[in-house]
Amino acid sequence: MSLRKRIEKSETLANLLAAVAGRYLGRCQRTITWEARGLEDLNAALAEGPILLVMWHSRCLMAAEHWPVADAPLSSLYNNSPVGRLAGALHRRVGLHPMEMSRRLSNRAASRTVLKRVREKVSIGMTGDGPVGPALEVQGAVLEWARVTGLPLFCYAFSTQRQKRMSSWDQMLVPRPYKSGAYVFRQFHETVPRKLAPDESEFWREEIRKFMETTTAEADAMVGLPPGP
């Protein structure tokens, strides 16, 4: 049986690999000199209630380390892919409340699951380009949760001077210890209408994409790098 299938079927193996990954990312968090932007705005919004947090899949590895776990609960959405299972196990280790979004769930059932967490004052976190891409394209789920929940929308991005890019569909950024790093929380200062005509959906997806692209480029610029995926 392949490692991929073993991770999909074994929660124990997912937890073991998450422990290894968690120790490595914890070391990166401790040894990198981080500069943060947007925390004041994030904390001000969280004082009023939960938010919807989005990020590109390529920039998701440090999100759990940078989220203010002690101040506000966050439920990250993940699927049962190997990366998704590992992410869910990793997020549980740092005190988040991940939710597996099964492909068997209908849109209505998924909405009920998410809205239940929102009513419990829990913020929702997700990757903007989903678990499998296409990379850097905003998926419909982001627009759906922004529309249905009405929560303030924030984008998270991080970058580091020392890094490696994986040969994956999203060219995931893996930080390396030491030197400098940066992370950004930025609020999207527009409100997605609760009712959208078909031609309006594409407009809002593009607005959110440009906002996420700008936020990610800001994190890269903070460590002296050109914009990257």
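The values are calculated or read from the model by the stated rules, or taken from the named source; none is laboratory data. Please read these numbers as outputs of a predicted model, since none were measured by experiment. Reconstructed Cβ throughout: ideal geometry from the backbone, glycine too, with neighbour counts over all protein chains shown. These accessible areas exclude ligands, DNA and RNA; they are computed on the full protein's heavy atoms, side chains included. Shrake-Rupley method; radii C 1.70, N 1.55, O 1.52, S 1.80 Å.
Once backbone amide H atoms are built at 1.01 Å from N, Trp56 has Gly128 as its partners under 5 Å, excluding neighbours fewer than 5 places away on the same chain. Near Ala157, the amide H atoms lying under 5 Å from its own belong to Val184; only residues 5 or more places off or on other chains count, and H is placed 1.01 Å from N. Remark on the chain: ratio of C-alpha radius of gyration to 2.2 N^0.38 Å is 0.97. Just going by the charge dipole of the chain, with Lys and Arg at +1 and Asp and Glu at -1 on Cβ, which of Thr113, Gly128, Ala87 is farthest out on the positive end? Positive-end residue among those listed: Ala87. Here the Karplus curve 6.51 cos²θ - 1.76 cosθ + 1.60, taken at θ = phi - 60°, turns the phi angles of the stretch 59-65 into couplings of 10, 8, 4, 9, 4, 5, 6 Hz, with x standing for Gly and Pro.
Ordered from largest to smallest accessible area (heavy atoms of protein chains, 1.4 Å probe), the residues Cys155, Cys60 come out as Cys60, Cys155. For the pair the stretch 148-184 and the stretch 20-64, the centres of their Cα atoms are 9 angstrom apart. Taking the dipole about the Cα centre of the chain, with the C-beta of Lys and Arg at +1 and of Asp and Glu at -1, give me whichever of Ala21, Thr33, Pro73 is farthest to the positive side. Positive-most Cα among the choices belongs to Ala21.
So if I place +1 on the C-beta of Lys and Arg and -1 on the C-beta of Asp and Glu, and nothing else carries charge, what would the dipole magnitude of the chain be about its Cα centre? I want it in debye, nearest 20. Dipole about the Cα centre, nearest 20: 1160 debye. Of the listed residues Leu13, Leu74, the order by accessible area with a 1.4 Å probe, largest first, is Leu13, Leu74.
Accessible surface computed residue by residue for the stretch 169-229, with neighbouring protein chains in place and a 1.4 Å probe, gives 55 Å² per residue.
Could you rank the peptides 179-188, 204-213, 131-140 by their average count of other C-beta atoms within 10 Å per residue, with the highest value first?
Details: 179-188: 21.0, 204-213: 17.5, 131-140: 15.6.
Ranking the peptides 179-188, 204-213, 131-140 by packing returns 179-188, 204-213, 131-140.
Close amide H partners of Arg162, meaning residues 5 or more places away or on another chain with modelled amide H under 5 Å apart, are Arg176, Ser180. Residue by residue, the stretch 193-207 carries 3J(HN,Hα) couplings of x, 5, 10, 10, 6, x, 6, 7, 4, 5, 4, 5, 4, 5, 5 Hz when phi is fed to the Karplus relation 6.51 cos²θ - 1.76 cosθ + 1.60 (θ = phi - 60°); x denotes Gly or Pro.
Determine the dipole magnitude for the stretch 152-223: charges of +1 sit on the beta-carbon of Lys and Arg, -1 on that of Asp and Glu, nothing else is charged, the reference point is the Cα centre, and the result goes in debye to the nearest 20.
Details: 11 positive and 10 negative charges, 110 e Å.
That gives a dipole near 520 debye.
Only protein heavy atoms count here; under a 1.4 Å probe, Ser75 has an accessible surface of about 0 Å². For the charge dipole of the chain, defined by +1 on Lys and Arg C-beta atoms and -1 on Asp and Glu C-beta atoms about the Cα centroid, which residue among Phe185, Met166, Gly49 has the Cα displaced farthest towards the positive pole? In the chain, that residue is Met166.
Relative contact order for the chain: what is it in percent, counting Cα pairs under 8 Å that are at least 6 residues apart?
Working: 401 pairs, mean separation 59.0, N = 229.
This gives 26 percent for the chain.
DSSP assigns beta bridges within the chain; of those with both partners inside it, close to 40 percent run antiparallel.
Taking every protein chain into account, the 1.4 Å probe leaves His66 with about 10 Å² of accessible area, to the nearest ten.
Take Asp199: with every protein chain present and a 1.4 Å probe, its accessible area is about 120 Å². From helices alone, the chain scores -14000 deg cm²/dmol at 222 nm; the rule is -39500 (n - 2.57) for each run of n ≥ 4 DSSP H residues, then divide by the residue total.
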